[in-house]
Amino acid sequence: MSRMPEVLLRKFVLTDLPDLLRMVSALKEHHGDTTRLRLEALSRDVLGDAAWLMTLVAEVRGSISGYASFFSRARPFSPRCLHLHHLYVDPEMRGSGIGRRLIEASTDTARALECDYMVVGAAPNNHAAQAIYAACGFEAVPGDSSHLWKTVPPLLGDDEQNT
């Protein structure tokens with residue numbers, strides 16, 4: 001795709017549920033996961049009172065074309081982590097920059113949550129995923145070829161920006 005389409009990145013809302021189910025199902029199928037995903041379980045996990053995942057969607061010309069789901073991990077008095085759990089872009093929109101924008105928006109969320117680093121899993125033979133994550137500043141976790149990580153620099157305060 002030669003020109004980046006106009007993309008609206010936003011938080012997931014209830015009306016996005018059918019599109020999210022379609023994309024999560026496609027991602028599961030790609031990875032050989034045959035468990036059946038129920039709409040009610042997906043709704044609980046991304047919208048419930050105790051939602052497990054935060055989700056951003058990429059909307060192009062009124063249609064949802066991609067998403068990023070992530071969760072924070074924190075232990076008291078330890079570094080905080082945002083785990084990028086899913087990243088998906090519809091096949092016809094791949095190469096348009098949507099994946100990169102979703103990763104950047106996820107990084108902004110990590111920064112807003114005061115996370116120290118981010119982690120993402122990607123199969124070593126998934127060269128496209130490995131490449132986009134590397135281009136977005138992720139590095140291989142030492143001794144673990146299926147996970148990548150990057151530090152999340154904090155936002156600079158007014159005092160720090162002026163020095």
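The values are calculated or read from the model by the stated rules, or taken from the named source; none is laboratory data. Note that the structure is a prediction, hence the values are computed from the model and not measured. Virtual Cβ from ideal backbone geometry, glycine too; neighbours counted across all protein chains shown.
Assorted remarks:
- Within the stretch 14-55, tally of residues that are under 16 Å from the mean Cα position of the chain (by Cα) and assigned to a loop (DSSP other than H, G, I, E, B): 3
- When E59, E40 are checked against the criterion of being charged (D, E, K, R) and closer than 26 Å to A135 by Cβ, E59 stands alone in meeting it.
- Tally, over the stretch 12-47, of residues that are of a type in the set (D, E, K, R) and surrounded by fewer than 11 Cβ atoms within 10 Å (Cβ to Cβ): 4
- Residue match in the stretch 56-75 (condition: under 23 Å from S146 (Cβ atoms), of a type in the set (F, W, Y) and assigned to a loop (DSSP other than H, G, I, E, B)): no
- Residue list for the stretch 102-149, filter: crowded, with 18+ Cβ neighbours inside 10 Å and among the hydroxyl-bearing types (S, T, Y): S106, T107, T109, Y133
- Of the numbered criteria (1) among the polar types (S, T, N, Q); (2) in a strand (DSSP E or B); (3) at pLDDT 95 or above, the one S145 fails is (3).
Residues are listed down the side, and each one gets a yes or a no for (1) in contact with a strand residue (DSSP E or B) (Cβ under 8 Å, 6 or more places away or on another chain); (2) modelled with pLDDT of 90 or more:
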{"position": "D33", "(1), (2)": "no, no"}
{"position": "A68", "(1), (2)": "yes, yes"}
{"position": "F71", "(1), (2)": "yes, yes"}
{"position": "A74", "(1), (2)": "yes, no"}
{"position": "P79", "(1), (2)": "yes, yes"}
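- Scan of the stretch 75-91 for residues that are surrounded by fewer than 15 Cβ atoms within 10 Å (Cβ to Cβ) and touching a residue at least 24 places away in the same chain (Cβ under 8 Å), ordered by number: P79
- Failed item in (1) buried (at least 16 other Cβ atoms within 10 Å of the Cβ); (2) within 15 Å of the chain's Cα centre (by Cα); (3) of a type in the set (G, A, S), with S72 passing the rest: (1)
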